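The values are calculated or read from the model by the stated rules, or taken from the named source; none is laboratory data. Bear in mind that the values here come from a model prediction, so they are computed numbers and not experimental data. For neighbour counting, all protein chains shown are included, and Cβ atoms are generated from backbone atoms with ideal geometry for every residue, glycine included. Accessible surface areas use protein heavy atoms only, side chains included; no ligands, DNA or RNA. Shrake-Rupley method; radii C 1.70, N 1.55, O 1.52, S 1.80 Å.
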Amino acid sequence: MNKKTTETPGGIVGKRRPRIVISGGGTGGHIFPALSIADELKRRLDADILFVGALGRMEMTKVPEAGYRITGLSVAGFNRKKMWKNFGVIIKLLSSMNKAKAIIDEFKPEIAIGVGGYASGPILKAAQKKGIPTLLQEQNSYAGVTNKLLAKKADCICVAYDGMERFFPDTRIVKTGNPIRKKLLDPLKSRKEAAGSFGLNPEKKTVLVIGGSLGALTINESIETRIKDLVAAGIQLIWQTGKNFGNRGTEVAKGLKGVVVTQFITDMASAYKSADLVVSRAGAASISELQALGKPAVLVPSPNVAEDHQTHNAKALSDIGAAALVRDAEARDKLIDVVLELISNKEKLDDMSQKISRMATHDSDMRIADEVCRILKM
């Protein structure tokens with residue numbers, strides 16, 4: 001019997017064009033990997049892809065900008081510290097579960113992929129109830145509650161760290177790593193060109209400070225109070241403050257040479273290329289980028305995340321000397337001293353670079369697409 005094929009506008013003649021739901025978001029750490037997976041599935045299968053995100057979150061603008069359709073659920077995270085505030089969250093969850101079921105019924109996906117974030121729970125649960133295959137992408141070294149619940153019926157769980165069988169059925173785990181933005185790997189730009197794009201001297205030691213699109217208050221205040229010590233040590237600084245820090249970074253950097261302050265860095269490839277050392281939160285996507293680029297780092301895990309997963313992520317690196325770990329509560333006292341000590345020790349930086357590079361898993365988007373194709377038998 002000949003295999004049934006479908007010909008659709010924009011599709012490949014004689015080849016089935018699978019319908020795929022990708023759900024999740026909330027932060028760039030979820031959105032950028034999701035878009036990388038989508039791009040590979042589009043390239044390989046010409047898949048018909050629908051994203052499902054959370055209304056009001058950044059995926060609702062970032063996904064359409066990347067050329068994909070998205071629909072939103074009115075879902076939000078639980079307040080773990082003030083449980084009495086969760087009545088509205090429960091109402092939103094029930095509404096989202098109903099809408100997720102309607103999305104699955106209307107779009108009729110052949111597989112649903114969850115990348116983490118508020119929306120992934122309702123949509124993947126709805127898919128599983130319909131008997132639709134599901135694939136989870138767990139980015140962190142410590143699995144979240146939603147993924148642990150969904151894993152019981154998931155067909156495949158793609159992970160970035162060893163030892164994840166303590167959370168998931170080991171027969172369904174595949175180590176794929178976390179997809180990163182392809183443009184970060186641009187080999188054409190030299191360090192001289194990259195540093196020049198920021199008006200910096202490529203011969204001088206440079207520290208890149210990143211804290212996400214909103215910023216990381218602890219990291220920002222640590223830099224703010226001792227920025228002159230960094231400049232006095234001959235260190236150049238690329239400092240992404242995030243929008244929540246306002247103009248405080250710009251004000252404190254006035255008159256200081258070799259300091260670039262910006263709320264958002266559009267050319268992250270050049271920022272990474274310019275840096276000898278990176279100061280960052282310990283989100284899974286950031287760590288995957290550091291691994292792929294072999295960048296020594298000082299990680300300051302956010303304390304405001306579920307299951308304290310950023311600390312677990314950071315320890316996976318710091319325990320083998322691939323990065324330095326400074327806890328958020330200690331950062332204002334210790335962070336700059338750690339930066340000053342590391343930046344002056346080339347041997348230590350080289351050792352960290354080698355160790356973090358060995359942790360990288362390349363072509364993660366292709367590995368995840370391989371699993372999708374296996375499940376779809378394509």
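Taking only pairs six or more apart or across chains, which ones have beta-carbon atoms under 6 Å, a first residue in segment 138-167 that is closer than 13 Å to V115 by Cα, and a second residue that is open to solvent by 60 Å² or more (accessible area, probe 1.4 Å) and not hydroxyl-bearing (S, T, Y)? Pairs that qualify, where the first residue is closer than 13 Å to V115 by Cα and the partner is open to solvent by 60 Å² or more (accessible area, probe 1.4 Å) and not hydroxyl-bearing (S, T, Y), are C156/R172; I157/R172; V159/K175.
Where residues in segment 217-233 are over 23 Å from the mean Cα position of the chain (by Cα) and of a type in the set (A, V, I, L, M), which of them is surrounded by the fewest Cβ atoms within 10 Å (Cβ to Cβ)? Ranking the candidates gives A232 first. When S274 is tested against (1) surrounded by fewer than 21 Cβ atoms within 10 Å (Cβ to Cβ); (2) of a type in the set (S, T, N, Q); (3) farther than 21 Å from T361 by Cβ, only condition (1) is not met. Restricting attention to segment 200-216, the residues being in contact with an Asp or Glu (Cβ under 8 Å, 6 or more places away or on another chain) and open to solvent by 60 Å² or more (accessible area, probe 1.4 Å) number 1. Inspect all residues belonging to segment 271-287 and state whether any of them is without any contact (Cβ under 8 Å) to a residue 60 or more places away in the chain, under 29 Å from G246 (Cβ atoms) and among the small types (G, A, S). Checked segment 271-287: at least one residue is without any contact (Cβ under 8 Å) to a residue 60 or more places away in the chain, under 29 Å from G246 (Cβ atoms) and among the small types (G, A, S). When Q236, Q240 are screened for being modelled with pLDDT of 95 or more and closer than 30 Å to A143 by Cβ, only Q240 passes.
Inspect all residues belonging to segment 184-199 and state whether any of them is open to solvent by 60 Å² or more (accessible area, probe 1.4 Å), assigned to a loop (DSSP other than H, G, I, E, B) and closer than 22 Å to E59 by Cα. Within segment 184-199 (the criterion being open to solvent by 60 Å² or more (accessible area, probe 1.4 Å), assigned to a loop (DSSP other than H, G, I, E, B) and closer than 22 Å to E59 by Cα), the answer is no, since none of the residues qualifies. Residues that are open to solvent by 10 Å² or more (accessible area, probe 1.4 Å) and on the phi > 0 side of the Ramachandran plot within segment 157-183 comprise just one, G163. Residues in segment 157-183 that are farther than 18 Å from R358 by Cα and either acidic (D, E) or not in a strand (DSSP E or B) (or both): M164, E165, R166, F167, F168, P169, D170, T171, R172, R181, K182, K183.
Count of segment 234-265 residues, restricted to those that are aliphatic (A, V, I, L, M) and within 27 Å of the chain's Cα centre (by Cα), is 6. Under the condition of being without any contact (Cβ under 8 Å) to a residue 40 or more places away in the chain and small (G, A, S), the residues counted in segment 27-67 number 5.
Residues are listed down the side, and each one gets a yes or a no for (1) under 25 Å from T176 (Cα atoms); (2) under 20 Å from the mean Cα position of the chain (by Cα); (3) at pLDDT 95 or above; (4) not hydrophobic (A, V, I, L, M, F, W, C):
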| residue | (1), (2), (3), (4) |
| --- | --- |
| G294 | yes, yes, yes, yes |
| V298 | yes, yes, yes, no |
| P303 | no, yes, no, yes |
| N313 | yes, yes, no, yes |
| I320 | yes, no, yes, no |
| E341 | no, no, yes, yes |
| I356 | yes, yes, yes, no |
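Summed over segment 299-355, the residues that are in contact with a strand residue (DSSP E or B) (Cβ under 8 Å, 6 or more places away or on another chain) and part of a loop (DSSP other than H, G, I, E, B) give a count of 4. All conditions but one from (1) open to solvent by 50 Å² or more (accessible area, probe 1.4 Å); (2) at negative phi apply to G255; the one that does not is (2). Go through segment 281-307 and give me each residue that's polar (S, T, N, Q) and more than 21 Å from L217 (Cβ to Cβ). S288, Q291, listed by residue number. Within segment 143-156, being in a helix (DSSP H, G or I) and of a type in the set (G, A, S) holds for one residue alone: A151. Residues in segment 104-142 that are open to solvent by 40 Å² or more (accessible area, probe 1.4 Å), assigned to a helix (DSSP H, G or I) and under 16 Å from I49 (Cα atoms): 2 in all. Only one of the numbered conditions (1) open to solvent by 60 Å² or more (accessible area, probe 1.4 Å); (2) part of a helix (DSSP H, G or I) is violated by F264, and that is (2). In this structure, L94 does satisfy being over 19 Å from C156 (Cβ atoms) and either open to solvent by 50 Å² or more (accessible area, probe 1.4 Å) or among the hydrophobic types (A, V, I, L, M, F, W, C) (or both).
In segment 315-329 there is no residue that is open to solvent by less than 10 Å² (accessible area, probe 1.4 Å) and touching a residue at least 60 places away in the same chain (Cβ under 8 Å). Within segment 268-298, the only residue that satisfies the criterion of being among the hydroxyl-bearing types (S, T, Y) and outside any helix (DSSP H, G or I) is S280.
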